1. Just tell me which lysines come within less than 16 Å, Cα to Cα, of Lys76; anything on the same chain fewer than 8 places away is out.
2. For each pair in Lys708/Lys823; Lys715/Lys739; Lys460/Lys735; Lys634/Lys757, compute the distance between the two Cα atoms and list the pairs where it is over 23 Å.
3. Expressed in whole Å with the largest first, what are the equivalent ellipsoid semi-axes of the stretch 243-314 derived from the C-alpha gyration tensor as the square root of 5 times each eigenvalue?
4. Which whole-number percentage describes the relative contact order of the stretch 850-922, with Cα contacts under 8 Å and a sequence gap of 6 or more?
5. Note down the nm distance, to one decimal, between modelled labels 7 Å out along Cα→Cβ at Thr127 and at Glu704.
6. What is the ratio of the Cα radius of gyration of the stretch 678-760 to 2.2 N^0.38 Å, with N the residue count, to two decimals?
7. What ranking do His763, His19 get, fewest neighbouring Cβ atoms within 10 angstrom at the top?
8. Where in the stretch 560-602 does the label zone of Leu550 land, with the point 7 angstrom along Cα→C-beta and an amide N cut-off under 18 Å?
Amino acid sequence: MSKKYPKGSEWRKWDLHVHTPSSIYHRYGADTEETWEKYIEDLENLSSDFSVLGINDYFFIDGYERLVKEKATKGKLKNIDLLLPVVEFRIEKFAGIDFGQLKRINLHVIFSNELPIETIKSQFLQTLEQSYFLENGEQWTRAITKESVQELGAKIKSTVPSEQLHKYGTDLTEGFNNLNVKEDKIFEALQKDCFKGKYLIAIGKTEWGDLKWTDASIATKKSIINKANIVFTASESIEAFHKAKSQLTAQQVNDILLDCSDSHYLSTETDKDRIGNCFTWIKADPTFEGLVQILYEPNERIKISDSNPNLEFDKPYISNITINDDVKVFQDEEDLSFSKNESIPLNQNLVAIIGGRGEGKSMLTDYLASSFIGQEHSKEGDFNKNGVVNLSYHKSNQSEEDIINFDLTEDKKAVDFIYINQGRLKNLVEKKDKQFQLANSIRRLAKLKQPEFNTELDKKIRESINEYHELERFFEQKDEDNNLINSIEYLEIQEKSINDFISNITTSENKDKLEKYSENLRLRNNLNSKLKELFELENELKNAIEELNLKIIKTNGELKRISLIELNSLQKQFDEINNWKGELEKEIASISVTISVVKEEFKDYKGDLTTLLNDIAKFQKRLSEIRENIAVSKTRKERLESLKISLFETTDDSISLIDKMKLDYNNQVVELIKSWDEFKDVDSKDTLNPSQKSIMKNLLTDLEIEVKVDFDVSKFYDEIYHCIDGAKWRIKGNKEAQKNSFEIRDSDTFFEFLRKKYLEFYHYDGIHSKTFKNKLFDELERKKYLKVFPILKYKGKDLNKISVGQKGTVYLKMMLATEAFSKPIIFDQPEDDLDNEFIMQNLIGLFKELKQYRQVIIVTHNANLVVNADAEQVIVASNLDGKLNYSSGSLEDNEINSKICQILEGGEIAFEKRRNKYQKIG
């Protein structure tokens, strides 16, 4: 970049009142080469903060002329960017007022360094004619030259008695001491066209302050200072300077006050008027035009400080953009590229990027922002990121070492800054269906307390309603006979039945019967066993005879020698068996009758009567179990009733969980309002200085919030849709029918439903009960349609009732208020998103204040944002046959100045408005 000061206006030390060894009055020593060497060396040893010196001589510019030659031909004063010629005059009379014995007013003419020295001499100094009357009445009338002033001194001294001459100085000194220039002659000489826009007038504060305020002089005293552009002072301290400035401000006169060394001594001396003893910092190019800027923006451009005002606040900033080679902007397009070897240093304050349509101003910021995590961009197409473009980021402005350099590639980098791309605010706030998202975004910006339902209460509600329905299901359990087996009534019937049964079988009579029954049953079993044995013996005997006869037949063969055994040979045994069988059968029949009688008496018992007496313990255990179940059911019944009251009924002694739920939403409203009040209580923020508090108050002016419990009826019925069994209840897809059935239309009717109708609907056959319960009682589900959020209001109107531009304004104010003093912000064409009234009345001043604490980069068509916000740097984008180029400089740079007027509509008007802003008070 070819410009000398591409970074724009920066803070530098300016001392505009430095005398030289050529001054008629000084304390450097004799006007010799040795003195000059010491003097120049002293100037070269000034701290690196010094950039501009006003070389001040009385009546003449010989000292300035010499220093210019020393710098130009001998390479001296390389540390100084600019030398300005300053000519000092003492004015005895001003507008007809004679100062008498008071100190004479010091009037300084600061010329542009662009004026040739000979022009200043011939067209100004040598044209000043002054008249002086000697004591003998003789008039002295000459143009002011060194020779004429010496001649005047000689004539004065010639009238002095010889014995008094030792009290007088040189002829030049005495001529100077007695010559008082008429201010009207000075102003008249400056009216020549060669000086137009090439000079400024400064008045000495000390001498002006000594002029008394009287009825006769008050107008003249104000006229003297208000006729000047600048006021000079040489303060002993910063505190003394501010006291002097406060006096000027209070007196309602020109208070553009600069501290100067008024140096007559080398820096090694202790006198306050010594080289280097100056506290003035000016934010401008080190040019005469840079100095002129303090007339338009004195509060922004002048600081009185021991150290660089840049270091007053720690802030990160993007410091440089480098394009190392021609690189096409988009991957799939060849006709647009960034130009090679463009190095764009960035000012850490307010940077304005301007250019005509299609010149690449927004393209640059979008390209950069798209390379970093979390940043949106608006340009269509895929940017070509191959590392050719480099960005430097200063993590702090307190050191030149803490820098991160990024080669921009497809891999996104992590740097924290705010990028508001073209139309982003408008897109955000135009979405009418995004009311909650916008409100939530604003809440996050203000770091307001997140509205959260009480987690303990939510847990309590969910546990209670779940327990309630579990208890309901417990009492609804049935057996195969459809008995409610856990109901207290059913269990008590079971208890009575078993208890009566146990009592019945445990009487002594029944006990004897059961014991005899068991004995008879045992005896009958034994008899039956014996009877069975006899039948088996009888069969075995018959079978044995048959088997023996078969063997005899086999043995005899045809001989028949052995006789077969006759069946009646065992007749005796058969008769005895049959007799015994008969006896047993009679006895068994008799015992069976006795057994049947006992069984009839215990016909209601289905079990084995022989074990009945032994099973008494089991019946008693069952009875105990039933009684335990009765106790459990009673406890659960009490719990069920208690839960019902706890959930749904508010009494004088307690609040129901439903009402606590409602109350919690109201508490969220209170907490959110409290959080907002704390956010707006700027005065309580000890971390902010008075200036920052003022900025915050400005940003938050006209902003208030209304916090509401919002019940979204439409979303509620969208959720209820999933709870309805369409096969059983045909209102599933009909929202109006649903509303008529549920009668829920807002938060009040919602809570009323929970109190009085929920249980009825929960058990309704057309409701999926579990889903239904969760939609109403689980906060994660409920927040889909019921939530607390803030409605931000601007000038008393909520965001839904103001224009898109005003919405963008509100959002920007919130964004800046929450991060006003931290990370850089890049804003692409704010005029597209914001209310024009806000831009003109607030944003310009806001940017001027914010840039102290953060880097602000704007892409804009608005001349007022550039000029009247006093942008420190202007970057001009241009497109030459598809190659994007960028040049930069300050507002005081004539080329940049011209570009602003050419490119931005109303540019000239903006400059004129800025020039007229600080009209002289008189």
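Coordinate-derived values only; no laboratory data. The shown structure was predicted, so the numbers you read here are calculated from the model rather than taken from an experiment. FYI the Cβ positions are ideal-geometry reconstructions off the backbone, even for glycines, and counts take in every protein chain you see.
1. Cα-Cα hits under 16 Å: Lys38.
2. Working: Lys708/Lys823 32 Å; Lys715/Lys739 12 Å; Lys460/Lys735 31 Å; Lys634/Lys757 26 Å.
Long pairs (Cα-Cα over 23 Å): Lys708/Lys823; Lys460/Lys735; Lys634/Lys757.
3. Numbers: eigenvalues 97, 60, 37 Å².
Taking √(5λ) for each Cα gyration eigenvalue gives 22, 17, 14 Å.
4. Values: 65 pairs, mean separation 22.8, N = 73.
Dividing the mean separation by the residue count of the stretch 850-922 yields 31 percent.
5. Each label point lies 7 Å from its Cα, and together they span 6.4 nm.
6. Working: Rg = 23.2 Å, N = 83, 2.2 N^0.38 = 11.8 Å.
In units of the globular-protein estimate, the stretch 678-760 measures up at 1.97.
7. On the way: His763 12, His19 26.
If I rank by nearby Cβ atoms, fewest first, I get His763, His19.
8. Within reach of a label on Leu550, which here means backbone N under 18 Å from a point 7 Å along Cα→Cβ, the stretch 560-602 contributes 564-567.
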